[in-house]
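J.: Below is one structure. I have some questions about it.
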Amino acid sequence: MGKYFQPEIETASRDQIINIQNEKIVKQVKHVYENVAYYRELMDEKGVKPEDIKSIDDIKKLPFLSKADLRDAYPYGLLGTDLKNCVRIHSTSGTTGRRVVAFYTQHDVDLWEECCARAIVATGGSSEDVVQVAYGYGLFTGGFGLHGGSQKVGCLTLPMSSGNTERQIQFMMDLGSTILCCTPSYAAFIGESLAEKGYKPSDNKLRAGIFGAEPWTEEMRREIEKSLGIKAYDIYGLTETSGPGVAYECEEQTGMHINEDHFYAEIIDPDTGEVLPDGEKGELVFTALDKEAFPLLRYRTRDICVLSREKCSCGRTHVKMSKPMGRSDDMMIIRGVNVFPSQIETVLIKEGYAPNYLIEVDRVKNTDTLDINVELSPGQFSDKVSDIQAKEKALEAAMRTMIGIGPKIHLVPPKSIARSEGKAVRVIDKRKLHD
Ligand code: ADP
Ligand code: ZN
């Protein structure tokens, strides 16, 4: 395997990519209009006919779809083909509410797995690699997506699924895994468990990790790289668009290349729906250009990021998205200030703490409260109350400088915050329970 999985597409010229998109969007809008009554009604309401879409630029005329539409249409309302043509169902993890189900034809599975294969090859993956897939298998897309991609590349694929960390480590060591795929929080946990067993980072054969499905900071990336002795790559996707692999990092690691031959990306102002120029921060919107069974057009992801078309040293020509800064619905508004969990994570790691924390937001006597439980490592732990209090004060001050409001920090003993094998739960917002 060379440097790319599908070189002619991954390094296609801008004109070639636009031609592919022009051709696919015309066909796709027709397909959706004819087969998805729910979307046909949205188009009719807006007065748009399939004939109005002559090229990818016309996409602006189409209505948006949101998570609310997916819930309304649950389960079959957005299906683009007969169920008898479908071979697979997956579902969101339900991080933010009722689950969404997505359908796949064999063609859809193939294109998804090809996207994951591109991501694996971008980390230097080839048939020489042993890929340990420690994303959950099942309704969640992570396990099956990377599994299929790994097999397409010809890697020896270990379908571990998430959890059972003892066995993960045993197989990793015995079978010489070279690429680890899982959520970043689980990768951090595996790194921590290896150290506890007395392994040094150089004792394993891992050289790369492909981590995604949840937000993670650059600081967390460096922690994981250190603890596992690898280069850690980001991968992005969502169930609604197929799963992981919609975008992935190359060796340059300055954003994730979006597989533009299958997914057309726009950035919009989340309040007005206006399309923003490249380089501006806003909500990411995806159109699946050639999916058959679940062909979402202009789907609002609620992920906030920036697109960039700067030339990439890896030779790939596809547009890059920045690491999502968190979902618009991850954002906490505390005493009127916008706070993202990722900002808190950045401060923690900068101040020398491990990324094991739990944020609790509440409202007491009409005032928002922000409590952050932060776990100490065994080396940081102290019996002296005054030591702990001094550390708490210092961390509170660092947080106040970064996020603009002062939280209450609680340093808690080693191992007292539950570890995650899938997507980590970082925030408990009790205000939602009272309201
Ligand atoms: P759920 O919405 O229930 O979490 P999914 O499993 O489909 O369902 O999750 C998709 C979401 O996960 C994305 O919209 C995004 O918010 C988040 N996500 C996926 N990959 C990444 C990544 N690499 N960095 C940050 N967030 C990510
Ligand atoms: Zn690149």
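J.: Read through the list (1) at pLDDT 95 or above; (2) in contact with a strand residue (DSSP E or B) (Cβ under 7 Å, 6 or more places away or on another chain); (3) away from ligand 1 (no atom under 14 Å from the Cβ), then give the number of the only condition that residue 272 fails.
T.: (2)
J.: For the structure I just gave you, tell me whether residue 132 is more than 24 Å from residue 418 (Cβ to Cβ) and outside any loop (DSSP other than H, G, I, E, B).
T.: Answer is no for this residue.
J.: Those residues that are part of a helix (DSSP H, G or I) and in contact with a Lys or Arg (Cβ under 7 Å, 6 or more places away or on another chain), I need them from segment 7-32; list them, please. Don't jump to the end; show me each part of the working.
T.: Quick first cut of segment 7-32, residues part of a helix (DSSP H, G or I) only: 7-10, 14-32.
Scanning segment 7-32 gives 10, 26.
J.: Would it be correct to say that residue 77 is assigned by TED's automatic domain parsing to the domain that holds residue 213, free of Cβ contacts under 8 Å to residues at least 60 places away in the same chain and at positive phi?
T.: no
J.: A follow-up question, please. Taking segment 217-233 as the region of interest, how many residues are part of a loop (DSSP other than H, G, I, E, B), of a type outside the set (A, V, I, L, M) and surrounded by 20 or more Cβ atoms within 10 Å (Cβ to Cβ)? I'd like the intermediate steps shown before the answer.
T.: Filtering segment 217-233 down to residues part of a loop (DSSP other than H, G, I, E, B) leaves 217, 229-230.
Add one more test, that the residue is of a type outside the set (A, V, I, L, M), and what stays is 217, 229.
Restricting the remaining residues to those that are surrounded by 20 or more Cβ atoms within 10 Å (Cβ to Cβ) gives 217.
Of the residues in segment 217-233, 1 are part of a loop (DSSP other than H, G, I, E, B), of a type outside the set (A, V, I, L, M) and surrounded by 20 or more Cβ atoms within 10 Å (Cβ to Cβ).
J.: Quick check: is even one residue across segment 258-281 of a type outside the set (A, V, I, L, M), within 16 Å of ligand 2 (Cβ to nearest atom) and in a strand (DSSP E or B)?
T.: no
J.: Which of the following residues is surrounded by 19 or more Cβ atoms within 10 Å (Cβ to Cβ), touching a residue at least 24 places away in the same chain (Cβ under 8 Å) and either outside the structural domain of residue 287 (by TED's automatic domain parsing) or more than 30 Å from residue 422 (Cβ to Cβ) (or both): 17, 25?
T.: Working: 17 fails: surrounded by 19 or more Cβ atoms within 10 Å (Cβ to Cβ).
Among 17, 25, only 25 is surrounded by 19 or more Cβ atoms within 10 Å (Cβ to Cβ), touching a residue at least 24 places away in the same chain (Cβ under 8 Å) and either outside the structural domain of residue 287 (by TED's automatic domain parsing) or more than 30 Å from residue 422 (Cβ to Cβ) (or both).
J.: Conditions: (1) away from ligand 1 (no atom under 16 Å from the Cβ); (2) in contact with a helix residue (DSSP H, G or I) (Cβ under 7 Å, 6 or more places away or on another chain). Residue 82 meets all but one. Number of the miss?
T.: The single condition residue 82 does not satisfy is (2).
J.: Another question, if that's okay. For the structure I just gave you, tell me whether residue 209 is in contact (Cβ under 8 Å) with a residue 24 or more places away in the chain, of a type outside the set (D, E, K, R) and either in a loop (DSSP other than H, G, I, E, B) or over 26 Å from residue 157 (Cα atoms) (or both). Steps first, answer last, please.
T.: On the way: in contact (Cβ under 8 Å) with a residue 24 or more places away in the chain: yes; of a type outside the set (D, E, K, R): yes; either in a loop (DSSP other than H, G, I, E, B) or over 26 Å from residue 157 (Cα atoms) (or both): no.
The answer is no for residue 209.
J.: Just the residues that are surrounded by 13 or more Cβ atoms within 10 Å (Cβ to Cβ) and aliphatic (A, V, I, L, M), please, taken from segment 38-69.
T.: Within segment 38-69, 42, 43, 48, 53, 56, 59, 62, 65 meet the criteria.
J.: Just name the residue that is surrounded by the most Cβ atoms within 10 Å (Cβ to Cβ) out of those in segment 114-131 that are free of Cβ contacts under 8 Å to residues at least 60 places away in the same chain and more than 18 Å from residue 234 (Cβ to Cβ). Full working, then the answer.
T.: Here is the first cut: in segment 114-131, the residues free of Cβ contacts under 8 Å to residues at least 60 places away in the same chain are 128-129, 131.
Retained after the next criterion (residues that are more than 18 Å from residue 234 (Cβ to Cβ)): 128-129.
Values: 128: 11, 129: 25.
The residue in question is 129.
J.: Which residues, taken from segment 248-296, are touching a residue at least 60 places away in the same chain (Cβ under 8 Å) and charged (D, E, K, R)?
T.: Once the filter is applied, which keeps residues that are touching a residue at least 60 places away in the same chain (Cβ under 8 Å) and charged (D, E, K, R), segment 248-296 yields 249, 251, 252, 260, 261, 266, 290, 291, 292.
J.: List, please: which pairs have Cβ atoms under 7 Å, are six or more places apart or on different chains, and start with a residue in segment 390-416 that is more than 22 Å from residue 367 (Cα to Cα) and end with one that is of a type in the set (Ser, Thr, Tyr)?
T.: Note: pairs meeting the criteria are 414/377.
J.: From the list 166, 251, 214, which one is surrounded by fewer than 16 Cβ atoms within 10 Å (Cβ to Cβ) and either modelled with pLDDT under 95 or within 16 Å of ligand 2 (Cβ to nearest atom) (or both)? I'd like the intermediate steps shown before the answer.
T.: Numbers: 166 fails: either modelled with pLDDT under 95 or within 16 Å of ligand 2 (Cβ to nearest atom) (or both); 214 fails: surrounded by fewer than 16 Cβ atoms within 10 Å (Cβ to Cβ).
Going through 166, 251, 214 in turn, the sole match is 251.
J.: While we're here: Working only within segment 417-435, note down all residues that are without any contact (Cβ under 8 Å) to a residue 40 or more places away in the chain and either of a type in the set (D, E, K, R) or under 19 Å from residue 140 (Cα atoms) (or both). Write out each step before concluding.
T.: Quick first cut of segment 417-435, residues without any contact (Cβ under 8 Å) to a residue 40 or more places away in the chain only: 418, 432-433, 435.
Those that are without any contact (Cβ under 8 Å) to a residue 40 or more places away in the chain and either of a type in the set (D, E, K, R) or under 19 Å from residue 140 (Cα atoms) (or both): 432, 435.
The values are calculated or read from the model by the stated rules, or taken from the named source; none is laboratory data. Model, not experiment: these values are computed from the prediction. Here the Cβ is made from the backbone with ideal geometry for all residues, glycine too, and neighbour counts use every protein chain on show.
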